[in-house]
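Throughout, read-outs are computed from the coordinates displayed, never taken from laboratory work. Predicted model, so just to flag it, every value in this text is computed and none were measured. When we count neighbours, we look across all protein chains shown, and the Cβ atoms used for this are built from the backbone with ideal geometry, even at glycine.
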Amino acid sequence: MSDTPTKSPWPIELLRILVWPLTVLFLVVSFWTPLQKVFALLPTMFEKLEAISVGGVTFNVRSALVQATPNDVKLVLPRLTPAGIQYILENGESGITRNTGSVLKVEEQELVQAGLCRELSQEDLKRLGTEDRKEDPNPTVYHSGIDCGDSYDSTRRFLLDLIPELVRQATATPLEATSKPTIGSKKASK
């Protein structure tokens, strides 16, 4: 008898490797529609709602969110559409974003109008193009872009902090759901 463990057949090994990624994919797909509904309701949540119902689950979040929300975020959120919120969540931290198109994307225009970003001037784009040529003799030519700063970052951090709180409330027992939320309990680092 040998002490070496027997190796499972390759279909079982493949299944073992794919279980976690497939589980995560299933959860993301399962909760995608409710999360989209939450993002669609965020701009109006601060003005009207004590609770929000998404996918049959009620979230009592208004008072905790208002207390934890930085003032600059309170001013900006009502001006954002769901598409603008999605852009913020999908496009990372502040900085410069450039486009090859001659006009900004609709979501980028929204961020400029909300005061989260500024539109890059042609002089800015030309200066950035000169810097690009130092590293690449044939860089991409950009015709529009935005530069986002601290307000954009604090809005993005708030939105990212909101997601775990909503998940916590969605998965809590009725008694746990009435306890104090954790949003803003720790300061986000920059």
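For the stretch 95-148, give the magnitude of the charge dipole about the Cα centre (Cβ charges: +1 Lys/Arg, -1 Asp/Glu; no others), in debye to the nearest 20. Intermediate results must be reported in sequence, preceding the final value.
Values: 7 positive and 11 negative charges, 28 e Å.
Its charge dipole is roughly 140 debye.
For the stretch 62-174, what class follows from the C-alpha gyration tensor (a ≥ b ≥ c being the square roots of its eigenvalues): rounded when a/c is under 1.5, otherwise prolate if a/b is larger than b/c, else oblate?
Numbers: a/c = 2.93, a/b = 2.40, b/c = 1.22.
Prolate is the answer for the stretch 62-174, as a/c is 1.5 or above and a/b outweighs b/c.
In this simple spin-label model, placing a label point 7 Å from the Cα along the Cα-to-Cβ direction at both THR130 and GLU90 gives a separation of 3.5 nm. Taking the charge dipole of the stretch 95-148 about its Cα centre, with +1 at Lys and Arg Cβ atoms and -1 at Asp and Glu Cβ atoms, the residue from VAL103, LEU125, GLY145 reaching farthest to the positive side is LEU125.
Using alpha carbons only, what's the Rg to Rh ratio of the stretch 95-148 with Rh from Kirkwood?
On the way: Rg = 11.4 Å, Rh = 11.4 Å.
So for the stretch 95-148, dividing Rg by the Kirkwood Rh gives 1.00.
What's the extension gain from PHE31 to VAL103 if we count 0.36 nm per residue and subtract their Cα-Cα distance?
Working: separation 72, 0.36 × 72 = 25.92 nm, distance 3.37 nm.
Between PHE31 and VAL103, full extension yields 22.5 nm more.
Summing charges over all other residues whose Cβ lies under 14 Å from the Cβ of GLN122, with Lys and Arg as +1 and Asp and Glu as -1, gives 0. Using the Cβ of THR140 as centre and a radius below 13 Å, the other residues enclosed give a net charge of -2, where K and R count +1 and D and E count -1.
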